[in-house]
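J.: Quick one: structure below, then a few questions.
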Protein chains: 2
Amino acid sequence: MTTIAIHGGAGALPRSEMTTERAAEFHAALRAALLAGQRALLGGGASLAAVEAAVVAMEDCLFFNAGRGSSFNREGRIEMEASIMEGANRRAGTATLLRRVRNPVQLARAIMEGTPHVMLGGEAAERFAVAQGLRLEPEEYFFTPYRWDAMLKLRGTDTTALSEDVVVPVAVNPAAMGTVGAVALDATGHLAAATSSGGTTNKYSGRIGQACIVGAGVYANDTTCAVSCTGQGEAFMRGVTAYDVSAMMEYRGLDLARAAEIAVRERLPGRGGLIAIDARGNVALPFNTEGMYRGWIDVAGNIFTAIYDTVQSSPAV
Amino acid sequence: MTTIAIHGGAGALPRSEMTTERAAEFHAALRAALLAGQRALLGGGASLAAVEAAVVAMEDCLFFNAGRGSSFNREGRIEMEASIMEGANRRAGTATLLRRVRNPVQLARAIMEGTPHVMLGGEAAERFAVAQGLRLEPEEYFFTPYRWDAMLKLRGTDTTALSEDVVVPVAVNPAAMGTVGAVALDATGHLAAATSSGGTTNKYSGRIGQACIVGAGVYANDTTCAVSCTGQGEAFMRGVTAYDVSAMMEYRGLDLARAAEIAVRERLPGRGGLIAIDARGNVALPFNTEGMYRGWIDVAGNIFTAIYDTVQSSPAV
């Protein structure tokens with residue numbers, strides 16, 4: 001039985017570029033995020049708090065394409081987005097086109113809890129964040145040389161704007177499909193999901209992706225599952241992939257593993273992966289890319305993390 | 001067999017406020033939009049062109065809350081959004097947080113066809129519109145005294161910000177839930193859907209609604225149906241309602257009428273309606289509000305329009 005699962009993006013570095021040292025850093029970062037989520041669950045904490053805490057940990061970590069480590073769009077700007085959803089009542093909050101909010105997932109939660117709306121975007125969303133006491137950072141905070149170079153390399157080659165090939169191939173920039181997310185089940189049986197992303201490198205300015213779209217990049221319903229997605233955002237939006245997992249469970253009677261597998265292997269019109277959990281603590285983490293940064297904790301506290309096929313486990317702390 | 005259906009918003013004026021004269025104006029506006037869509041279909045035109053043309057006609061009409069007749073947010077600004085989707089290949093384009101684009105649905109189509117993305121928002125989306133040769137209008141173009149007064153009335157009463165009651169009750173402003181949309185079937189059997197909205201009156205600045213969310217306010221898939229939704233946007237987003245109709249057809253084997261009915265009557269966590277068409281030309285137009293501006297044209301060219309229960313028909317032109 002799993003209590004929390006996370007991903008740090010499909011589109012992991014190709015095996016050929018992954019050194020032992022780099023892998024160890026990623027495993028450590030995933031463990032840290034899992035433990036942040038688990039801490040929120042201990043003593044009866046809500047799944048909503050757990051997914052928020054795990055995602056905040058990854059937003060604050062430079063390794064992941066969300067929050068601090070976000071990718072640059074083709075104008076050299078950061079535009080982040082995030083979402084959160086509660087399975088008990090299908091309440092949701094999402095935010096997009098954020099430039100300075102330190103933790104977009106916290107803004108998503110504030111929108112869910114503090115407005116009559118599901119989704120806010122742009123400068124007005126950041127003004128709301130300030131009014132809620134959330135922390136903004138100067139744009140330099142989000143700057144990482146690695147992401148900047150990745151954008152410059154692509155921008156240089158983008159001589160044919162508006163053609164399909166500006167979709168960033170994973171081979172060119174493994175971070176292109178990064179996104180982080182978490183799903184959790186708490187002691188009261190409630191599910192929650194959260195997703196946060198810096199979007200694709202060299203994306204158009206103003207591009208909005210799946211990480212802030214209920215049904216595409218995030219979904220939670222106690223009667224079926226909680227889901228967080230990562231990959232080519234446009235494919236998840238067209239496929240309505242996060243809700244598709246839930247719909248296959250509810251309408252076709254599939255179990256979580258089968259529904260998640262079909263969603264990613266047969267129905268997703270593109271590349272990526274997802275994490276999903278149901279109310280019995282079953283978990284599924286399918287992806288159709290070479291790797292996906294991911295991890296989970298079982299009810300005994302054992303921690304599992306993985307990038308490709310091999311799973312590293314470490315005992316409860 | 002129906003070839004095109006449209007809606008001009010659930011949340012029609014209450015019967016008590018609807019005069020014969022007003023009703024006649026609405027019926028005429030619906031007929032004009034239907035004919036604009038039908039013209040695009042004549043001679044083998046694509047369903048995509050038909051839904052675009054019908055929505056453009058309603059965006060240009062002051063009666064509907066989309067394009068020119070858009071509602072004001074609580075800062076006295078217009079923020080529009082729109083979407084379009086092709087059933088043949090599930091391609092989609094959507095745009096949001098628009099202030100000056102005359103026809104948001106045309107920008108949605110340009111994003112679908114001219115970028116690798118599904119969704120663009122804000123000032124960058126408007127820059128893209130200009131680059132595509134789309135028409136912007138000064139903000140005054142979108143000003144209508146009726147919408148302005150509706151916003152002022154609500155703004156005056158909104159002394160408890162962030163409370164649930166800032167969701168505009170239909171009784172206060174019948175235009176609150178306005179949105180326009182169209183679904184169509186062409187001679188080659190392809191489906192398309194489009195939705196466009198000015199959003200809810202007195203909404204937060206930066207609020208993004210269902211009209212630009214694939215799966216919530218728009219969906220099209222030749223193997224199931226094309227759907228356009230209207231109503232309390234947040235409910236459609238949480239319910240992933242447009243895709244839900246398709247999922248019930250595909251996974252539960254329901255026919256269009258039954259799936260559309262269940263989506264609106266049993267599953268939607270709020271108020272509104274939708275229009276849906278399948279590849280055999282069946283159409284469904286369920287709503288759980290007092291009325292919904294709507295209409296359709298059958299394959300013989302007969303025109304049907306309705307606001308409440310009574311359907312007006314007129315022969316082919």
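No value in this document is a laboratory result; all are computed from the given coordinates. From a predicted model like this one, the values you see are computed outputs, not experimental measurements. Neighbour counts are summed over all protein chains in view; Cβ atoms, including those assigned to glycine, are modelled from backbone coordinates with ideal geometry.
J.: Inter-copy label distances at A:THR188, 7 Å along the Cα→beta-carbon direction, one decimal in nm, shortest first?
T.: 5.3
J.: Hey, another quick one. Mind giving me the nanometre distance, one decimal, between the label points for B:SER314 and B:ALA131, set 7 Å out from Cα along Cα→Cβ?
T.: With each label point 7 Å from Cα toward Cβ, the separation is 4.3 nm.
J.: Continuing with this model, one more query. Report, in debye and to the nearest 20, how large the dipole of the range B:45-100 comes out about its Cα centre when Lys and Arg carry +1 and Asp and Glu carry -1 on their Cβ.
T.: Here the range B:45-100 has a charge dipole of around 140 debye.
J.: Can you give the convex hull volume per residue for the Cα atoms of the protein assembly as shown, as a whole number of Å³? Mind showing how you got there, number by number?
T.: Numbers: hull volume 85.5 nm³, N = 634.
Convex hull volume per residue, Cα atoms: 135 Å³.
J.: To the nearest 20 Debye, how big is the dipole of chain B about its Cα centre, given +1 on the beta carbon of each Lys and Arg and -1 on that of each Asp and Glu?
T.: Numbers: 28 positive and 32 negative charges, 33 e Å.
In debye, rounded to 20, chain B gives about 160.
J.: What share of all Cα pairs of chain B, in percent, falls into each consecutive 10 Å distance bin?
T.: Answer for chain B: a P(r) of 7, 31, 38, 20, 3, 0 percent.
J.: Still on this model: Where nothing but the Cβ of Lys and Arg (+1) and of Asp and Glu (-1) is charged, how large is the charge dipole of the protein assembly as shown around its Cα centre, in debye to the nearest 20? Let's see the in-between values first.
T.: On the way: 56 positive and 64 negative charges, 54 e Å.
The dipole magnitude comes to about 260 debye.
J.: Here's something else I'd like to know. At B:GLN132, with labels set 7 Å past Cα in the Cβ direction, how many nm apart are the copies from this one, shortest first?
T.: In ascending order, 3.0 nm.
J.: Every other copy gets compared here: list the nm distances from the A:LEU152 label point (7 Å along Cα to Cβ) to its counterparts, shortest first, one decimal.
T.: Nearest first, the other copies' label points are 5.5 nm away.
J.: In deg cm²/dmol and to the nearest 500, what is the mean residue ellipticity at 222 nm of chain B if only DSSP H runs of at least 4 residues count, each as -39500 (n - 2.57), divided by the residue total? Please list the in-between numbers first.
T.: Details: 8 runs with 95 residues, N = 317.
Value at 222 nm, helices only: -9500 deg cm²/dmol.
J.: Cα centroids of the range B:6-82 and the range B:91-121: how far apart, whole angstrom?
T.: Going from one Cα centre to the other spans 18 Å.
J.: While we're looking at this one, here's another question. Taking A:LYS153 as the anchor, which lysines have their alpha carbon closer than 25 Å to its alpha carbon, excluding any fewer than eight residues away along the same chain?
T.: Of all the lysines, those that pass the test against A:LYS153 - Cα under 25 Å, at least 8 places apart if same chain - are A:LYS203.
J.: While we're here: Rounded, prolate or oblate: which one fits the range A:244-295, using the alpha carbon gyration tensor with axes a ≥ b ≥ c (rounded when a/c is under 1.5, else prolate when a/b beats b/c, else oblate)?
T.: On the way: a/c = 2.90, a/b = 1.29, b/c = 2.24.
Taking the square roots of the gyration eigenvalues as a ≥ b ≥ c, the range A:244-295 is oblate.
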